[in-house]
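Accompanying notes for the structure given below.
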Ligand SMILES: *Cc1c(COP(=O)(O)O)cnc(C)c1O
């Protein structure tokens, strides 16, 4: 086995997905599984499609192309506006793209004509978070223009909140989306239109009995993978929060002073750390670091603290335990740590199945001994 290793429990992801898919299904909301954080890894895609997501959404065309090449046949949605330089690839690999710019919509139309295809588009509306989206006052004109473009089919409206500015999805902004849909997207045939209300941060609004209105789709990433409501980073009842764990190997373990000696200036990453003298401590180093992973998104086992990190060393205070060299430490990860770990070539990805729901949860807050 090579370390550091990202352990990905496909059963827990399947469990989380199927719970959310069935809960939202009862409210008439379909789920687009967002694959960007795991680069469209086919193992995870299979787990979430088995659990009932109706389409797959990714912001990068490379990931969509990768899923296509892996033989995945689900509907693929590019959830970030296409780059003008990539419209041909978008029409080729994605069934649907999210759009906010007429220039790009025109280019998509040309590319779709050339490819002899119809490309489906969904227009994103700005509802206050000030990331992507057409301002509500401009939507009608843009829809009129899109209707004139050949080989494009407008399939609905969408919005995205709580990403750039943390604006909370609530009845006010969601009703605004529904109102726009009522005005501009004919109610019938209802099922042909997608009104995509947002991402995992919309779940709290649904759980609290929000007024769903015309919203009939959500795009979920973090909640499926980490069982977390990203608005407050709180676990969602009944979901696993430990489908991802990082296993790293101890390369040094010594009793060392807690306070450095010598004159100090900046550390390797530009900060000037401060140290309290706690006498000697059990210090261990595991072989991973900032080049591999967002170390601030790692949660160490109980009884262990992360006390420092450089590009390739993660320094731990193991308090009363003295770790043996060659043993492994298991960390939980937040979304940012998952993102960075998935894209690191130094971290081995290990997919496994724990039979979640049938068996007790994997122990995650433990230190495994190499012996
Ligand atoms: C990343 C992304 C999502 C998924 O967000 P989560 O918080 O992971 O559920 C949904 N929609 C868009 C447009 C995104 O960029």
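The values are calculated or read from the model by the stated rules, or taken from the named source; none is laboratory data. All figures in this text were calculated on a predicted structure; none of them were measured in a lab. When we count neighbours, we look across all protein chains shown, and the Cβ atoms used for this are built from the backbone with ideal geometry, even at glycine.
A few points about this structure:
- Hits in segment 319-360 - residues which are at pLDDT below 95 and at positive phi: 355, 357
- Test: residue 132 is within 22 Å of residue 180 (Cβ to Cβ), touching a residue at least 40 places away in the same chain (Cβ under 8 Å) and not in a helix (DSSP H, G or I): yes
- Failed item in (1) over 29 Å from residue 17 (Cβ atoms); (2) within 23 Å of the chain's Cα centre (by Cα), with residue 77 passing the rest: (1)
- Taken together, the residues in segment 6-50 that are within 14 Å of the ligand (Cβ to nearest atom) and touching a residue at least 40 places away in the same chain (Cβ under 8 Å) amount to 18.
- Scanning segment 36-53 for residues that are assigned to a loop (DSSP other than H, G, I, E, B), within 24 Å of residue 83 (Cα to Cα) and touching a helix residue (DSSP H, G or I) at 6+ places or on another chain (Cβ under 6 Å) yields 39, 40.
- Residue within segment 54-75 that is part of a helix (DSSP H, G or I), free of Cβ contacts under 8 Å to residues at least 12 places away in the same chain and within 25 Å of residue 207 (Cβ to Cβ) present: no
- With respect to the stated conditions, residue 68 fails to be in contact with a helix residue (DSSP H, G or I) (Cβ under 8 Å, 6 or more places away or on another chain) and either closer than 24 Å to residue 355 by Cβ or within 15 Å of the ligand (Cβ to nearest atom) (or both).
- Any hit, segment 16-31, residues being assigned to a loop (DSSP other than H, G, I, E, B) and crowded, with 20+ Cβ neighbours inside 10 Å: yes
- Qualifying residues in segment 127-142 (those that are under 24 Å from residue 85 (Cβ atoms) and crowded, with 19+ Cβ neighbours inside 10 Å) - the one nearest to the ligand (Cβ to nearest atom): 132
- Residue in segment 312-334 that is touching a residue at least 60 places away in the same chain (Cβ under 8 Å), under 29 Å from residue 163 (Cα atoms), within 16 Å of the ligand (Cβ to nearest atom) and touching a strand residue (DSSP E or B) at 6+ places or on another chain (Cβ under 8 Å) present: yes
- Some residue of segment 165-178 being at positive phi and buried (at least 19 other Cβ atoms within 10 Å of the Cβ): no
- Only one of the numbered conditions (1) more than 30 Å from residue 158 (Cα to Cα); (2) within 16 Å of the ligand (Cβ to nearest atom); (3) touching a strand residue (DSSP E or B) at 6+ places or on another chain (Cβ under 6 Å) is violated by residue 294, and that is (3).
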